[in-house]
1. Please list, in order along the range 124-136, the HN-Hα scalar couplings obtained from phi with the Karplus expression 6.51 cos²θ - 1.76 cosθ + 1.60 (θ = phi - 60°), rounded to whole Hz, x for Gly and Pro.
2. Over the range 3-47, what is the mean sequence separation of C-alpha contacts under 8 Å (at least six apart), divided by residue count, expressed as relative contact order in percent?
3. Using DSSP to call loops (not H, G, I, E or B), can you name the trypsin sites (Lys or Arg not before Pro) in the range 1-56 whose Cβ has at most 12 other Cβ atoms within 10 angstrom?
4. Grab the Cα-Cα distance for Lys273 and His319, subtract it from 0.36 nm times how many residues apart they are, and report the gain in nm with one decimal.
5. For the chain, what is the mean residue ellipticity at 222 nm derived from helices alone (per DSSP H run of n ≥ 4: -39500 (n - 2.57); sum divided by total residues; nearest 500 deg cm²/dmol)?
6. Which net charge results for the neighbourhood of Ala266, defined as the other residues with beta-carbon distances under 10 angstrom from its beta-carbon, given Lys and Arg at +1 and Asp and Glu at -1?
7. Karplus couplings for the range 48-63 from phi (6.51 cos²θ - 1.76 cosθ + 1.60, θ = phi - 60°), rounded to Hz, Gly and Pro as x?
8. For a quick check: with amide H placed at 1.01 Å from N, whose amide H comes under 5 Å from His161's, ignoring anything fewer than 5 positions away on the same chain?
Amino acid sequence: MAKKIRLGILGGGGDSLIGILHRVASQMYDNYEIVGAVFNPNHEESLAFAREIDIPTNRIYKDFDTLVEEELKLPKEERIQVCSILTPNFLHFPMAKKLLENGFHVICEKPFTTTYEEALVLQEAQAKTNAILAITHTYTGYPMVRQMREMIKAGAIGKVHKVDVRYYQGWINSIIHDKEKRSTVWRLDPKKAGISSCIADIGVHAFNMVEYTTGLRIKSILADFNYLYDDNQMDVDGTILVRMDKHVKGIVRASQVATGEENGLAIAIYGDKGGLRWEQENPNYLKVQSDTEPLQIFKPGHAYNSELSLDGTKLPPGHPEGIFDAMGNIYKGVARAIRGEEYNDGEFPPMLDAVRGMDFIESTVESNKKGNVWVDLK
Ligand SMILES: NC(=O)c1ccc[n+]([C@@H]2O[C@H](COP(=O)([O-])OP(=O)(O)OC[C@H]3O[C@@H](n4cnc5c(N)ncnc54)[C@H](O)[C@@H]3O)[C@@H](O)[C@H]2O)c1
């Protein structure tokens, strides 16, 4: 077994939502060791959390700049190799930039940055190094999503002509309808979240799922947002028409006020020979449908699945695996890339997906602002 990859964590403290997903995912295939971190802006809290999860505290730094400075003093074979950026959105750009410029690999949470321009700066920074960058569109790590991608690539549904992805949650209802509360969460603060809330938070996952599964590019969009209250500057719901080509069209829907919805991501891709449907809350079932044949259900771990899909299951069929495993698969792909091993380009979303995601977010904001007009992606 190759030596473990030395991982640094930025954000993702004990108070965070996403930290535990990354920590568990990084340990899943025994590829990584967490050696350094800034879990929280408050150093005492960071140290306390490191003690709680039993990580040595000698490389729990007081802030991000100190982490980079101190790590660069260490010999290369001891230094952090890759950092996971799990902070609120506005910190992704300065952190990723400095990391890439100093030769660290980066695993970054979405949305990649707060503007498309920043994303381009990071793309340029990466091009100057051999650094790996992955953007954690977690759902691409599910075996049956990978199977969708491989089946569409192999022509199983013929020529794609319609895409429909829906990402509905209801959690922001408890905040948005309360004037005081809606001014206190970072996701509704443009300074911390960027130009969009709902679309940048979950709509961008939906966008990425369409491009990841079909291998096609969305060329233009028309967006209609809902802000619900005049004093709220951030979208909490959006419906977006998408055109991939003259005859390939569809819809991306995202909402955080879809009352009663939990993490309702559902994707359907239709072609001239068949259709594929998958739902995140029931991730081990991929529906394969046709106008002439009975409905088929594909499940993970069976030999009939593609190599990419099978690489994402650890246990024999019938042992449900979920979101932790999906993120674990992304970390596994990144580990292969860092070690210079061969990997399938479907194993993790790379820089191009990160940049396209920001193009999508910014284009939807522009479309909505201009009165719901068609906007071309760059
Ligand atoms: N891939 C996914 O499915 C998914 C799901 C949820 C969140 N996210 C993304 O993950 C990121 C974090 O989201 P969250 O819900 O965990 O947020 P959160 O508010 O729950 O946690 C943020 C964490 O960052 C820490 N932090 C803040 N400022 C910091 C600084 N200067 N230095 C170090 N740590 C700092 C906070 O202390 C906290 O631990 C966001 O960009 C979000 O969009 C992705």
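1. 5, 4, 5, 4, 7, 10, 9, 5, 8, 10, 10, 10, 8
2. Answer for the range 3-47 is 50 percent.
3. Values: sites: Lys3, Lys4, Arg6, Arg23, Arg51; in loops: Lys3, Lys4.
Passing sites in the range 1-56 are Lys3.
4. Residue separation times 0.36 nm, minus the Cα-Cα distance, leaves 13.4 nm.
5. On the way: 12 runs with 120 residues, N = 378.
Taking each H run of at least 4 residues, the total per residue is -9500 deg cm²/dmol.
6. 0
7. Taking θ as phi minus 60°, the curve returns 4, 5, 4, 5, 4, 9, 6, 10, x, 8, 5, 10, 9, 8, 6, 7 Hz for the range 48-63.
8. When sequence neighbours closer than 5 places are left aside, the close amide H contacts are Tyr270, Gly271, Asp272.
Computed from the coordinates by the stated procedures, all read-outs in this text should not be read as laboratory data. This structure is a prediction, so every number in the text was calculated from the model and none was measured. Positions of Cβ are backbone-derived with ideal geometry, glycine not excepted, and every protein chain shown enters the neighbour counts.
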